[in-house]
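Chemist: Pasting in a structure now, in structure tokens, and then I'll have a few things to ask.
The values are calculated or read from the model by the stated rules, or taken from the named source; none is laboratory data. Owing to the predicted nature of the structure, the values given are computational and were not obtained by experimental measurement. Don't worry about glycine lacking a Cβ; one is built from the backbone with ideal geometry, like all the others, and counts go over all protein chains shown.
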Amino acid sequence: KAALRAVNARVVDLDRATAEWSYFLPAYDARVMMRKMGELREQFERAVACVTPRERFRFKSRGGRATVGGAAASAATPANQTAVAMAALDLCDADDGPGTRDRRGETIVIDRATNDGEDYALERLVDCDIFVLGAIRALRAYDLRRCRVYVLAIAGSALVENIVDSVVCVATRQLRVHAARRTNFHVRATSRPIVEDSREVAFAPRFSIESPNEEEVLKAHGLFEENHMWREVDDFLWLKSSQSPHWRLLDERDR
């Protein structure tokens, strides 16, 4: 377990560095680097799945469906098997840092206006409204369902992964989206947003909720001016010159 935790920490560090440095690279080099990082994550997840003992198989009841650990066996996909393995081995290092996790049906307000030296995590949230009314160093949002997320300013990068039926509004240096479905992104960024393995996502300009210190914070982090990068999205799984079918610009009436 200790060895796997150490490897996981290295993968997380490399993932963060990849997101940050891709901003400075040509588009082709950035795509290659992101693809290699994705392959590394998949290799690590396979390794975790191999060394984690499988749960005992049992029958729920006569006429019922076979279950594994009480869940429907048909739901035991490789992706959530890996997630279970990670949880079982306590590999989620991000849980040790600042963040909001494992909430349902709540409105959460975080005022971090005086501390932009920390990363912040949003993980395993369902039907939540989250407002981060200050500046943070980096954002990691993972496993969100039917959530609305507003972050005033991100000094570095934002990584949003495994998000469904949600709305995200951020001002950031770079936005990277992985495995998103039916989600709208309202973005102000200093580089082109990146999407990977995503479907039915839409992009629009960032909107304001008129926070008292909004202009001051945005100017302090070089995020005040609108540069229309929100419409210059790179889809790393669509290398053709034509428009990607995986994302679109959000209609003005829906913004």
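Chemist: Going by the structure shown, is residue 201 touching a Lys or Arg at 6+ places or on another chain (Cβ under 7 Å), of a type in the set (Val, Ile, Thr) and surrounded by 21 or more Cβ atoms within 10 Å (Cβ to Cβ)?
Modeler: no
Chemist: So which residues in the range 167-182 are surrounded by fewer than 22 Cβ atoms within 10 Å (Cβ to Cβ) and of a type outside the set (Lys, Arg)?
Modeler: 167, 169, 178, 179
Chemist: Further question: Please list, ordered by first then second residue, the pairs with beta carbon atoms under 6 Å, 6 or more apart or interchain, first in the range 124-137 and in the same structural domain as residue 153 (by TED's automatic domain parsing), second hydroxyl-bearing (Ser, Thr, Tyr).
Modeler: 129/107; 131/150; 133/211; 136/120
Chemist: Among all residue pairs at least 6 apart or on different chains, which show Cβ distances below 8 Å where the first residue, located in the range 228-254, is modelled with pLDDT of 90 or more and outside any helix (DSSP H, G or I) and the second is among the aromatic types (Phe, Trp, Tyr) and surrounded by fewer than 18 Cβ atoms within 10 Å (Cβ to Cβ)?
Modeler: These pairs meet every condition: 244/238; 245/238; 246/238.
Chemist: What are the residues in the range 1-30 that are at pLDDT below 70 and under 18 Å from the mean Cα position of the chain (by Cα), if any?
Modeler: Hits for the range 1-30 are 16, 19, 20, 21, 22, 23.
Chemist: Here is a further query. Hey, can you tell me all the residues within the range 125-140 that are in a strand (DSSP E or B) and farther than 13 Å from residue 110 by Cβ? Break it down into steps so the answer makes sense when it comes.
Modeler: Here is the first cut: in the range 125-140, the residues in a strand (DSSP E or B) are 125-126, 129-136, 138-140.
If the condition is that a residue be in a strand (DSSP E or B) and farther than 13 Å from residue 110 by Cβ, then 126, 138, 140 are the ones that fit.
Chemist: Separate question: In the set 161, 252, which member is over 20 Å from the mean Cα position of the chain (by Cα) and of a type in the set (D, E, K, R)?
Modeler: Just a single option satisfies the conditions, and that option is 252.
Chemist: Something else: From the list 143, 116, 127, which residue is within 15 Å of residue 221 (Cα to Cα) and either at pLDDT below 95 or of a type in the set (D, E, K, R) (or both)?
Modeler: Testing whether each residue is within 15 Å of residue 221 (Cα to Cα) and either at pLDDT below 95 or of a type in the set (D, E, K, R) (or both) leaves just 116.
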